[in-house]
1. Skipping prolines and chain starts, which residues have an amide H placed within reach, meaning under 5 Å, of the one on CYS205, given they are 5 or more residues away or on another chain?
2. What share of the DSSP beta bridges in the range 668-814 is antiparallel, in percent to the nearest 5?
3. What is the set of long-range amide H partners of GLU681 at a cut-off below 5 Å, with H atoms built 1.01 Å from backbone N?
4. Would you work out what percent of the accessible area of the range 375-504, with all protein chains in place, is carbon or sulfur (probe 1.4 Å)?
5. Probe of 1.4 angstrom, ligands and nucleic acids ignored: what's the accessible area per residue over the range 752-796, in square angstrom?
6. Which order do the peptides 587-593, 482-488 come out in when sorted by mean C-beta neighbours inside 10 angstrom, highest first?
7. Any idea of the accessible area per residue across the range 586-735, 1.4 Å probe, to the nearest Å²?
8. Viscosity 1.306 mPa s, temperature 10 °C: Stokes-Einstein D of the range 454-513 from its Kirkwood Cα radius, in µm² per second?
Amino acid sequence: MSRARKSQPCCCCGRPKKELLYAVTFLGAAAVFFEFWWSIYHQADGGPATQPGRNGFLAPGIDVHDAADSSFNQDRTAADAFNEATGDRQAVAPVASSQEVQPDGFSLPADSVQRLRVGLIEWLRGVATFQEADAMVVLSNWLRQNIDVMQVNATLEELMQRDDGAKWAGCSVEDEPCNCPSGRIRYGHMDTRWLMMKGQKRIRCALSTFGGHDVAPGMLKQCKCLQLPSNTPGVNNLVEAASASDVSRALTTTLMLPRSNLSMPPRASWLPLEDVVPWLGGGATLLQLALLAKLFEWVENSRHSSKISAMIAKASAPALKPFGPCLERQNLDRCAGHGEYRCRAACHPHDFTPENLDLVDRNQLCANGRATELLWSCSGPSRVPNSDHPHAQAQTVLDAAKEDMCADERMAGQLEVYLDCEFVENYLRWTTPESEWLEEAYVTYVAGKKDSTYEWQAMNLVRSIDVFSSRPIVVVVFGKSFAPPLSWHKMPNVIVFKMKPHMPQVSFNFNKIRAMVSARILYGIQLDTDQIIAPGMDTLFPGTRREITANHPWPMMPVHWMSRDARPGEPYAVYAYQGWDGPKTMRWGHAHPTWSYWALPFLADLLHERFAAALSWGRPEIAVWDLPLAKEQGLLRVLKAGKTGTRTAPFAMFMQEDEDMLNVGLWRDKVEKQWCKYDLEFGLFKQASYMDPRLYYDPKWYPDGVPIIFISMHNTKRFEETDSLLTLLARCDRERSKVRCKHSGWAPPNVCKEFSLEDLRERRKMTTYGTKLCCCLWPRQEKPVYWAGRWFTDSMATPRKLPGGKAARTCILP
């Protein structure tokens with residue numbers, strides 16, 4: 001007979017049945033009371049309960065104003081309620097009695113529909129960032145394809161459920177009060193994490209309020225409030241924001257697009273708005289407008305524009321019917337976008353072997369659907385300038401610089417460069433039949449998968465070139481994974497090259513030097529993907545022409561923000577560089593160099609040295625150019641004499657990264673030229689006049705601080721923050737004549753802090769928000785050079801030595 005299993009103890013075992021009955025009765029009564037209290041509490045704070053409509057169109061959304069305003073969508077409009085609250089009855093025209101009714105049953109007075117159109121247009125014009133506007137344009141294009149609106153709404157609701165930020169709206173930043181009707185508040189930063197608090201409707205947004213645990217050290221934290229449900233998310237906010245606008249003017253005025261120069265046409269980054277604004281002004285139906293309002297509220301709350309736009313792009317990509325194996329999903333991933341674009345690489349995967357072994361005519365480049373075209377290699381067909389062309393000299397320098405690496409079959413493939421044929425039209429536009437060298441251009445390098453951090457960083461960089469520069473940018477892609485974003489295809493100054501992956505023993509960042517050597521640019525500015533440029537950056541090109549010559553054949557780097565040879569007790573002494581014990585002829589430079597073709601032998605020798613150390617054991621020896629002789633003789637005579645120097649190349653600490661090796665290489669050649677700092681931390685742009693008077697000083701090289709010039713920024717790794725600043729720079733550049741700034745002190749206005757109470761208030765004044773924020777940049781637009789507490793209009797106005805200063809500046813301004 002089987003043995004009975006012994007029963008396990010439980011929380012209620014052994015207790016009298018009477019006590020159990022009492023417990024159940026008490027819990028039931030408590031549940032009833034809690035349900036009653038919950039309904040009263042939320043009716044008082046949140047207005048009437050939501051009533052979902054067909055297909056979830058009126059499903060709970062994210063609008064705090066809608067939730068608090070029970071008058072919306074009743075006999076009077078939300079604009080009427082707004083005016084009663086503010087006492088302003090003159091701002092709004094009389095409300096039309098007619099209603100625009102949709103099949104869903106959703107209706108809105110005709111006057112409010114017009115204001116809804118105006119609100120969306122003015123938000124795009126004056127508030128939305130580049131990426132936020134891109135998300136709105138993608139959704140608009142989706143809705144214009146005769147798609148079932150209710151189906152789009154259902155998809156949009158599903159996407160919003162995936163973004164936790166969609167339900168939380170900013171209420172304040174640190175050290176400000178936060179009012180939150182829902183009583184659920186979180187504190188932190190969108191790029192790190194959040195701390196939660198429940199049951200408090202008004203708090204002070206401070207670290208101490210949330211237990212003193214800093215979840216985002218060194219970053220401005222904010223508080224966000226969980227939003228109460230709304231039937232029409234975003235609609236009421238947009239109607240109210242547009243209530244003080246001239247509706248007829250807003251709907252008929254041509255969109256004024258920012259541009260880098262008034263003599264130039266609008267940049268490609270702004271062009272999608274030209275198409276969507278007229279449709280918003282008249283063609284869009286009420287339901288379509290309501291969906292766009294829902295997206296507006298989602299973007300305003302979450303601010304994760306990169307995530308949102310990618311989600312919508314994937315959802316809206318039309319279902320492509322396969323036309324053969326090359327259009328299957330795994331192949332389409334090689335293309336830009338998320339299925340809405342068919343590219344050559346889908347049918348012709350790039351494996352870094354020439355698809356065409358013959359040197360074809362320019363008009364036949366990328367013919368027959370080829371995905372890539374070999375432009376230059378050590379042994380194959382190469383496109384070189386005509387012998388009598390001025391660029392032929394640059395080709396001669398390049399051939400001499402690469403000769404030894406081309407002779408080593410292990411290195412030769414690292415120099416091959418291919419054209420991405422999706423950008424062949426831009427390549428032909430910027431080059432000529434006589435020479436395919438680029439006269440002046442920016443260069444960056446990138447790899448990674450679709451929607452990676454590096455792609456989004458590169459997006460901001462390329463947009464900044466599109467908006468602020470008249471020169472092209474060459475994006476050198478390493479490996480097979482990276483697909484250039486769809487928006488790049490519409491920018492006339494973007495050229496994409498491809499090169500083989502880097503050696504596994506060598507840091508990825510040495511691809512920077514590979515790109516500089518192989519891009520075939522006479523005068524170049526190298527930018528990392530975590531950089532963007534600002535107005536005025538193009539002035540570095542004439543500066544590079546002036547400074548990097550046959551008698552100074554070295555690249556120039558900007559001064560680094562910290563000195564890496566500081567002694568104990570001096571700033572940043574802990575970071576003193578230990579990888580080189582030889583003499584240092586200038587302060588540590590930041591590896592964002594400019595160069596001319598005269599610097600190619602230096603760069604090629606540096607690359608050769610690094611490759612030799614990676615490929616050989618022991619102490620390999622390489623031949624090098626004696627470049628210091630060029631100071632007297634000129635580089636051409638040095639090249640004619642051949643490589644007269646030798647260098648042993650065992651692996652050393654300074655070979656770990658490109659920046660280390662560039663600095664050591666320049667010190668070895670006793671180079672003393674470097675740029676004043678132009679690759680600034682992005683936070684310096686919105687500090688008004690509140691600047692350290694001894695910014696980046698060190699007692700040896702710059703005892704008065706380092707002169708800086710506000711023409712670019714670095715460390716732009718947080719996409720949304722950079723997107724916001726880039727858009728602000730673009731708007732302020734276009735509206736410069738309208739900006740009037742008066743500051744009573746040195747500190748920037750509080751509106752400069754995103755999500756601050758003042759910023760949130762001004763953000764709803766859509767027509768003036770942009771120009772208001774321009775004062776955050778003051779006085780950089782008029783006086784971009786700063787040194788030791790003084791502002792200067794340009795390099796000519798900046799003295800070599802300040803009155804009463806300790807030393808003359810040794811860095812060069814462009």
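The values are calculated or read from the model by the stated rules, or taken from the named source; none is laboratory data. Everything quoted here is computed from the prediction, not taken from an experiment. Cβ atoms come from the backbone with ideal geometry, glycine included; neighbour counts cover every protein chain shown. Accessible surface is based on the protein model in full, side chains and every heavy atom, while ligands, DNA and RNA are left aside. Shrake-Rupley method; radii C 1.70, N 1.55, O 1.52, S 1.80 Å.
1. ASP175, GLU176, CYS178
2. Working: 6 of 11 bridges.
That works out to approximately 55 percent antiparallel.
3. Hits under the 5 Å cutoff: HIS714.
4. 50
5. 45
6. Values: 587-593: 23.4, 482-488: 21.9.
Per-residue mean Cβ counts within 10 Å order the peptides as 587-593, 482-488.
7. On the way: 5120 Å² over 150 residues.
In whole numbers, the range 586-735 has 34 Å² accessible per residue.
8. On the way: Rh = 12.6 Å.
Using the Kirkwood radius from Cα pairs, D works out to 126 µm²/s.
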